[in-house]
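What follows is a set of notes on a single structure, which appears directly below.
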Amino acid sequence: MRATLPAKRKASYRMILLVLMFLFTCEFIVRGPLRFLSQGSEFNDFVSPLVQSRIFVGGNDPYDPFELIRFWPKETQPPTFLRKDVQEGTAVSKDGVPSPYPPTCFALLSPISVLPWHFAKLLCLTTNCICVLILIYLLLSLSRLRAASSRAYLFVALTLGFAPLHTALASGNLILPVCAAGVGAIWCSNRRYATAAGALLVIATCLKPPVGIVFLVHNMLRRRWRESMVGIGLSGIIAGATALRMWFGHVNWIGSYSKNIHDMFALGAINDFTTLNPLRFHLLNLQMLAYLLSDNRRLAMIGSWLVVLGLLAWLMTVKRHEHETELLELSALATIALLPVYHRFTDGILLILPLCWAIATDDHQLQKITRVVLLLLLPFLLPGASLLHTLAKYQGAIDRLASSWWWQRIVVPHEVWAILAISVVLLFALHLKTTSTVQAIIDPSAGAVDRLRWRNSRMAETTNR
């Protein structure tokens, strides 16, 4: 009877994981692809950069709102509110269009810009779904989780239940191919495919620089110079070619781009982090939290950058090892990167990296830390921004809650609090991990004991699986 108890417990645990995976898969399908097809297929995060790539190919200003309306897909009509806002000159500040993607993004999208909109939107959805599968596979490979293990099931289930992933799919955001390309570059680097890694870095960096640069910086910190130089060199060539294309076309894109950036981040605009922006809870950058604590815009900017620079300085002081700490180091860098500059809820997909590390690591020294990381990631299994957006429609409820300090300083910026805490915890884990590795090198006997304990724990875990 005693011998059968572990087997029954193992079977029960596996059944719970399968049920969890099924439920999260259903949620993934409903809140991702189906929501894109039913709600967001006519106006989403993809239509603006696609239209801007058409404008770019046509030799016009991709940052001119009137050009955006003129080149809008003939198969569908621009939303009424967008036409109205363009005429009033508020499309950039209220709607965030034309999008602030760099010209390099339009250059990469230009091959598909000639497609009819109905084909282009299905291609966008298909590509994003494939990128989700690729991202899961790559992270399982990097973390060295066996596909049939319980931990792998848990990681896949929680990834499919990740709310930023749903939002990115539903809105057609480019963050998914950027993350898939960035993680793919790390995977290729580990297998000495330097040229392929550099090419993937180019895709990630050119499509969305604030996210793609995370993977480029990680390669540079790892002293993978060939991959980094390929990424920087090809990105520079693409950037130069796009600038020359518009220069020869006499397009004053720099002026309109600068104006759009200014309007998007102006007081009360869609990307403003102050209380004048009613949709500020969509933001993940630290400035929103710093402003709520200080009530000073300038102080919030300075304080946020000082905190981020301190975190980066801590990261730079940690000694790097070939494979033991790579996923942990990448997770820390990606989490910190969400804090200093503008990031929306969809960019929270980067937090899948610490999710994978926390589930995959089997270091007994870090068990409590991994549990803390998983606990801090739980809010991202809920669509917090969407819930707050829905609640914002009930003005009476908001007026009553807005007067409480805990609502303004804890509930509204709860995701920023979580990201800041995850950054600190990951850096502390990295410090402990590298310190124990160095100690093992200095004291071989201690290292042998640690290796023996690790081997025994792995054997026990394999037996339980």
Across (1) surrounded by fewer than 22 Cβ atoms within 10 Å (Cβ to Cβ); (2) under 29 Å from residue 233 (Cα atoms), residue 99 clears everything bar (1)
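Considering each residue of region 47-100, count those that are in a loop (DSSP other than H, G, I, E, B) and in contact with a Lys or Arg (Cβ under 7 Å, 6 or more places away or on another chain), and give that number. Write out each step before concluding.
Within region 47-100, the subset in a loop (DSSP other than H, G, I, E, B) is 58-64, 71-79, 89-90, 96-100.
With in contact with a Lys or Arg (Cβ under 7 Å, 6 or more places away or on another chain) added as a condition, the list becomes 71.
Counting residues in region 47-100 that are in a loop (DSSP other than H, G, I, E, B) and in contact with a Lys or Arg (Cβ under 7 Å, 6 or more places away or on another chain) gives 1.
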Would region 346-363 turn up any residue that is buried (at least 21 other Cβ atoms within 10 Å of the Cβ), hydroxyl-bearing (Ser, Thr, Tyr) and modelled with pLDDT of 95 or more? no
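Every residue, every condition in (1) at pLDDT below 95; (2) over 21 Å from residue 318 (Cα atoms); (3) assigned to a helix (DSSP H, G or I), yes or no:
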{"residue": "366", "(1), (2), (3)": "yes, no, yes"}
{"residue": "376", "(1), (2), (3)": "no, yes, yes"}
{"residue": "379", "(1), (2), (3)": "yes, yes, yes"}
{"residue": "388", "(1), (2), (3)": "yes, yes, yes"}
{"residue": "393", "(1), (2), (3)": "yes, yes, no"}
{"residue": "401", "(1), (2), (3)": "yes, yes, yes"}
{"residue": "407", "(1), (2), (3)": "yes, yes, yes"}
{"residue": "415", "(1), (2), (3)": "yes, yes, yes"}
{"residue": "419", "(1), (2), (3)": "no, no, yes"}
Residues to consider are 248, 265; find the one that is hydrophobic (A, V, I, L, M, F, W, C), within 26 Å of residue 53 (Cα to Cα), loosely packed, with under 13 Cβ neighbours inside 10 Å and out of contact with any Leu (no Cβ under 6 Å at 6 or more places or on another chain). 248
Which one is nearest to residue 431 (Cα to Cα), of the residues in region 298-337 that are in contact (Cβ under 8 Å) with a residue 24 or more places away in the chain and charged (D, E, K, R)? 319
Taking residue 235, is it small (Gly, Ala, Ser), more than 19 Å from residue 210 (Cβ to Cβ), crowded, with 16+ Cβ neighbours inside 10 Å and in contact (Cβ under 8 Å) with a residue 60 or more places away in the chain? no
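Yes or no, residue by residue, for (1) over 21 Å from the mean Cα position of the chain (by Cα); (2) closer than 25 Å to residue 95 by Cβ:
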| position | (1), (2) |
| --- | --- |
| 115 | yes, yes |
| 141 | no, no |
| 148 | yes, no |
| 153 | yes, no |
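Quick check on this structure: which one of 351, 339 is under 21 Å from residue 308 (Cα atoms), within 16 Å of the chain's Cα centre (by Cα) and assigned to a helix (DSSP H, G or I)?
One residue alone meets the criteria, 351.
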Name the residue, out of 181, 197, that is under 13 Å from the mean Cα position of the chain (by Cα) and surrounded by 24 or more Cβ atoms within 10 Å (Cβ to Cβ). 181
Go through region 200-228 residue by residue and tally those that are surrounded by fewer than 21 Cβ atoms within 10 Å (Cβ to Cβ) and aliphatic (A, V, I, L, M). 4
Tell me, please, whether a residue that is basic (Lys, Arg), touching a helix residue (DSSP H, G or I) at 6+ places or on another chain (Cβ under 9 Å) and more than 19 Å from residue 170 (Cβ to Cβ) can be found in region 113-125. no
Assuming residue 152 fulfils every condition listed in (1) in contact (Cβ under 8 Å) with a residue 12 or more places away in the chain; (2) farther than 22 Å from residue 20 by Cα apart from one, which condition is it? (2)
Matching residues, region 184-194, being touching a helix residue (DSSP H, G or I) at 6+ places or on another chain (Cβ under 6 Å) and surrounded by 24 or more Cβ atoms within 10 Å (Cβ to Cβ): 184, 185, 189
Scan of region 1-47 for residues that are surrounded by fewer than 17 Cβ atoms within 10 Å (Cβ to Cβ), modelled with pLDDT of 85 or more and small (Gly, Ala, Ser), ordered by number: 38
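I'd like the full set of residues that are part of a loop (DSSP other than H, G, I, E, B) and within 16 Å of residue 131 (Cβ to Cβ), limited to region 189-218.
The one that is part of a loop (DSSP other than H, G, I, E, B) and within 16 Å of residue 131 (Cβ to Cβ): 208.
The values are calculated or read from the model by the stated rules, or taken from the named source; none is laboratory data. Quantities reported herein were computed from a predicted structural model and do not represent experimental measurements. Using ideal geometry, Cβ is built from the backbone for each residue, glycine included, and neighbour counts are taken over all protein chains shown.
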